[in-house]
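Taking it in order: structure first as structure tokens, then the write-up.
What follows draws every value from the coordinates through simple rules; no lab data is involved. Not measured: the values here are computed from a predicted model. Ideal geometry is used to build each Cβ from the backbone, glycine not excepted, and the neighbour counts take in all protein chains shown.
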Amino acid sequence: MMLWNLIYRSLRQHALSTLVTAGSIALAAGLLLTVWVVKTQSQAVFAATNSGFDAVLGARGSKLQLVLNAIFHLEASPGNIAAADFEALRRNPMIGGAIRTAIPIAVGDSFQGWRVVGTVEQLFAEIEYAPGKRYAIARGGRNFQLGAHEAVVGNFAAKRLGWKLGATFHPQHGVSEKAERDHDELYTVVGILEPTSTPVDRVIWIPLEGIQTMSGHNPFAKTDISAVLIQLRAPTAGLMASNLINQSGGKLTFAYPIGTIVAELFNKISWIDKVLTLLAWLVAAVASGSVLVSIYNSMSARARDIAILRALGARRRTVFGAVVGEAAAIGVLGAAAGFAVFAGLAAGVASIIQAQTGVVLEPLQWNPVFGWGPAVFVGLCVLGGLVPAFKAYRVPVAETLAPVS
Amino acid sequence: MPLLSIKDLAKTYPLPGGGAHRVVEVVEFSLEAAEQLALRGESGSGKTTFLHLIAGILAPDSGRIALAGRDVAALGEAARDRLRAETIGYIFQTFNLLQGHTVLENVEFGMAFGRGVDRAYAESLLRRVGLSDKLGHFPRQLSTGQQQRVAVARALANHPKLVLADEPTGNLDRRHAREALALIREVCRECGAALLLVSHDEQVLAGFGDVRDFAALNRALTAEAAP
């Protein structure tokens, strides 16, 4: 009890250095937790995000670009494919038999930075975007009708645009924030999707031929599609189709399996989280050093108190433990505050990821780093406390308690 | 059997330029339980070192210090710490209160490393020395005389068998010195603790019944003075 009292009083006596040191540990802990949680969770969530499809068929090019464009609605489309090419492929008995469902999409337009994608009404009527989960249109709304200038809007996009049922808009050519020009067609929102926590939430969906025949688009490409989202009958069919299509040297690319292709993206950008993690550990090392310096610098002033305690019967190991305990307490304070820093940082990062990709992270979900992260930080602080603790251990009682008579 | 019995005790300090300086050389000394004795000695005569040796703060070069049936000189440092925590109360000239802790906590630290904290007893001791209204004060908020009384209460907090007082009135004026000394003697008597006090102040010692000359006890001084 008295040991805690010693630690508590010492922390209070050196309140400013305690706060500064604990603050630097909080920043380091917050940064490490954020990097770790965002890294592990985004890898898992992105790899699992396939909007219910096994593969994507698109123009010849990068599989990753194709998946990012067709599933995550990021990046530019690698190009269009002719509907006839897809139909020809479908008639191939080896491939056509393997396909259970095929949903074509057409891209290239947007509205105020939100992508407008053409597809068929079957997407919202029949597809499970996750096992056991079908798209649902919020009450009062309905699916768009082929041939009509109608739109079904992802939940996140509708919220950000402030759209209700009946809202109207002119699609804009291009997919950048600064679209080239408005198309003449006026579309009306007839349905808003319930949230799915997938990239679908941030897309404005219109009938496929709406994109294909939009004013200003190439009239010779009015049957082209950007990609086909495919559900397979069996995983082995995917491998077979991948071999047949990708190695044929034709005009098409078959991206399968989606999760593995997304994982490639994380491999490519893994240096970012390595740098951030290294940065967090460096900050942690500096924080640990600051624990050492702040306690060590106060040791001269504390020597008399330590000598008094020793004269009262405190053993060397008791004063050693008090100093180490103080360092650990600073670590605990810092780690606890680090959770607050993490909560703020992670919420910010998660909202950016949701805004950019539609993928929803839940950073407060249990992650093993919540256990070992703070433990490591407290351990580093204890390490930092060992040097001043050793100095306390060696305080000469008789000399320090002078004057002598 | 005396509470404290010393035989052939010697302590030498190394000198910075080499060689050694013998500070304490006491052939024989004893103190009975509950006895009160004052040692008169000039500053620098080795009185503090003598008390530190008895308290186990310093280890002697040779000799025997039997305290409450245990040989302090033969104990390891941790055992000496424990014996000090359980058996000895120490009053310092400069009081040596912990400035960052309250009056009550200072007294509790006097018992913390021995039998453990007994808040009610700590409060009763502070009541006894007239500081029941200062429990939550910090030492800097007290007068010098009040700080001395906290030191007295702390020295008795662990139910000591022996209280060592090193120039306990050195920082007080005449009137407060007399009062403080009377209080120390009285409280030690009430608690059944023996008192060994060292001082150079003749006026303080004048009020003390049993006074011995430390110069006569410490042969190191005699040897130093010899031609």
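Using a simple charge model, +1 on the beta-carbon of Lys and Arg, -1 on the beta-carbon of Asp and Glu, nothing else, what dipole does the protein assembly as shown show about its Cα centre, in debye to the nearest 20?
Result for the protein assembly as shown is approximately 540 debye, rounded to the nearest 20.
So if I place +1 on the C-beta of Lys and Arg and -1 on the C-beta of Asp and Glu, and nothing else carries charge, what would the dipole magnitude of segment A:55-256 be about its Cα centre? I want it in debye, nearest 20.
500
Is it possible to state the helix-based mean residue ellipticity at 222 nm for chain A, with each DSSP H run of 4+ residues giving -39500 (n - 2.57), the sum divided by total residues, to the nearest 500 deg cm²/dmol? What is it? Working shown, then result.
Values: 14 runs with 220 residues, N = 405.
The helix contribution divided over chain A gives -18000 deg cm²/dmol.
Using a 10 angstrom cutoff on alpha carbons, build the Gaussian network for chain B and name the most mobile of B:Leu142, B:Leu15, B:Leu172.
Of the options given, B:Leu15 has the highest mean-square fluctuation.
Within chain A, count lysine pairs with alpha carbon atoms under 14 angstrom apart where the residues are 8 or more positions apart or belong to different chains.
Close lysine pairs under the 14 Å cut-off: 4.
Under a plain spin-label model, where a point goes 7 Å from the Cα along Cα-to-Cβ, how far apart in nm are A:Ala76 and A:Ala343?
4.4
At a 10 Å Cβ-Cβ cut-off, how would you order A:Ile25, A:Ile295, A:Ile306, fewest neighbours first?
Ascending number of Cβ neighbours within 10 Å: A:Ile306, A:Ile295, A:Ile25.
Using amide H atoms built 1.01 Å from N in the peptide plane, name the residues 5+ places from B:Arg115, or on other chains, whose amide H lies under 5 Å from its own.
Placed amide hydrogens put nothing under 5 Å from B:Arg115.
Could you name the lysines in cross-link range of B:Lys7, using Cα to Cα under 28 Å and dropping any fewer than eight places away on the same chain?
Cross-link targets: B:Lys47, B:Lys161.
Summing -39500 (n - 2.57) over the DSSP H runs of n ≥ 4 in chain B and dividing by its residue number, what mean residue ellipticity at 222 nm do you reach, to the nearest 500 deg cm²/dmol?
Value at 222 nm, helices only, nearest 500: -11000 deg cm²/dmol.
Rounded to the nearest 5, what % of the DSSP beta bridges within the protein assembly as shown are antiparallel ones?
Of the beta bridges lying entirely in the protein assembly as shown, close to 65 percent run antiparallel.
Have a look at the DSSP beta bridges in segment A:55-256 and tell me what percent are antiparallel, nearest 5.
If we restrict to bridges inside segment A:55-256, about 75 percent are antiparallel.
With each label point set 7 Å from Cα along the Cα-Cβ vector, what nm distance links B:Ser30 and B:Arg64?
Computed distance between label sites B:Ser30 and B:Arg64 equals 1.2 nm.
Arranged by the count of other C-beta atoms within 10 angstrom, fewest first, what order do A:Ile206, A:Ile269 take? Please report the intermediate quantities before stating the final value.
Numbers: A:Ile206 25, A:Ile269 11.
Going from least to most buried by this count: A:Ile269, A:Ile206.
If you take every DSSP beta bridge fully contained in chain B, what fraction is antiparallel? Give it as a percent rounded to 5.
Roughly 50 percent of the beta bridges in chain B run antiparallel, per DSSP.
Ignore the peptide's own chain and count Cβ atoms of other chains within 10 Å of each Cβ in B:43-50; give me the average, rounded.
Counting Cβ atoms of other protein chains within 10 Å of each residue's Cβ and averaging gives 3.
Once Rh is set to the Kirkwood radius over Cα pairs, what Stokes-Einstein translational diffusion coefficient, in µm²/s, holds for the protein assembly as shown at a temperature of 4 °C and a viscosity of 1.567 mPa s?
Estimated diffusion coefficient is 42 µm²/s.
Which is the longest part of chain A that has none of the trypsin sites (Lys or Arg not before Pro) sitting in a DSSP loop with at most 14 other Cβ atoms within 10 Å?
Working: sites that count: A:Arg139, A:Arg142, A:Lys164, A:Lys178, A:Arg181, A:Lys222, A:Arg233, A:Lys251, A:Arg394.
Longest stretch, sites excluded: A:252-393.
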